[in-house]
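Below is one structure; the comments refer to it alone.
The values are calculated or read from the model by the stated rules, or taken from the named source; none is laboratory data. Quick caveat: nothing in here was measured; it's all calculated off a predicted structure. Here the Cβ positions follow ideal geometry from the backbone for every residue, glycine too, while neighbour counts run over all protein chains shown.
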Amino acid sequence: MDVLVTGGAGQVGLELQRFAWPDGVHVHAPTRDELDLTRPDAIAAYVGARRWGAIINSAAYTAVDKAESDVAAAWAINALAPAALAHAAAQAGTPIIQVSTDYVFDGSKDGFYTEDDPVAPIGVYGASKEGGEQAVRTANPRHVIVRTAWVVSAHRANFVKTMLRVGADRPVLRVVGDQQGCPTSAADLAAALATIALRAAGDEAAPFGTYHFVNEGGTTWADFAREIFAQAAARGGPAPEVEQITTAEYPTPARRPANSRLSTDKIRDRFGVQPRPWKTALGDILAELMD
């Protein structure tokens, strides 16, 4: 079986390529030169050139702040590309798995968001990703949308690597403490996406729809940073003091949801995916980076 993975150079795309797929499953992760996601004709041609078991779209415009002034580019990658991919997949009878985000919510809920909570994005990034969700839903009935949050890994730029880098040079770090979320290992997310893709490819009656996947447990950015340094220090790494600040003290072009904790009950029930605690997943990332 051939599986198409878009966004192969990103954190999730890289982990999808590293994942231990069953024998006989071949992952294809075209480069931007091989598949231009800004061209619907190129997408249709690439998808139509092979019989795919499943398509996993992990490509995204993720520069949240830059998106506020680069609106067309964000919508092109986050909404129009998924629309073209989902349509081409539907034409071929292929299921599509679309990776989405906690930013489709406004963060005003007190508690963990479920898949049935109303979306209300508060910035261009979230709005464009929500547009991508709608495009996939309307273009291909055989779809699974997986919202995630706070993705980290040993690859590319992310919060864990940033903390280790700046923490090595500074005795005190000021980190936002009034935003809540669920850290997510890109490797764990990739494993969940692979489970879903394999089920969707082989089962016409698979439980298609919208799901959440994050590692178990919620935290704040400040407490996430403290845990990073606590585990890093045990490996001989930096251990700066983390000073908690408010969102207002760290202004950014794009607003962030104050609460983006996601419930994973549905993905557990329908696909048997059991997220592990985020602190455990963090330990594996630090082991890869530091050991």
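What to note about this one:
- Test: residue in region 178-192 that is closer than 21 Å to ILE97 by Cα, in contact with a helix residue (DSSP H, G or I) (Cβ under 7 Å, 6 or more places away or on another chain) and acidic (Asp, Glu): yes
- Within the set ALA194, ALA234, ALA205, the sole residue that is modelled with pLDDT of 95 or more, surrounded by fewer than 20 Cβ atoms within 10 Å (Cβ to Cβ) and either among the aliphatic types (A, V, I, L, M) or within 29 Å of PRO95 (Cβ to Cβ) (or both) turns out to be ALA234.
- The set of residues in region 128-152 that are assigned to a helix (DSSP H, G or I), of a type in the set (Lys, Arg) and surrounded by fewer than 24 Cβ atoms within 10 Å (Cβ to Cβ) contains only ARG137.
- Any hit, region 213-227, residues being among the aromatic types (Phe, Trp, Tyr), assigned to a helix (DSSP H, G or I), modelled with pLDDT of 95 or more and within 15 Å of THR101 (Cβ to Cβ): no
- Subset of region 256-269 (residues that are out of contact with any Phe, Trp or Tyr (no Cβ under 7 Å at 6 or more places or on another chain) and touching a residue at least 12 places away in the same chain (Cβ under 8 Å)): ARG256, ALA258, ASN259, ASP265
- Among residues of region 153-175, those that are under 19 Å from ASP102 (Cα atoms) and buried (at least 20 other Cβ atoms within 10 Å of the Cβ), counted: 2
- Top-ranked residue of region 19-35 - restricted to ones that are surrounded by 13 or more Cβ atoms within 10 Å (Cβ to Cβ) and either part of a strand (DSSP E or B) or in contact (Cβ under 8 Å) with a residue 40 or more places away in the chain (or both), ranked as nearest to the chain's Cα centre (by Cα): PHE19
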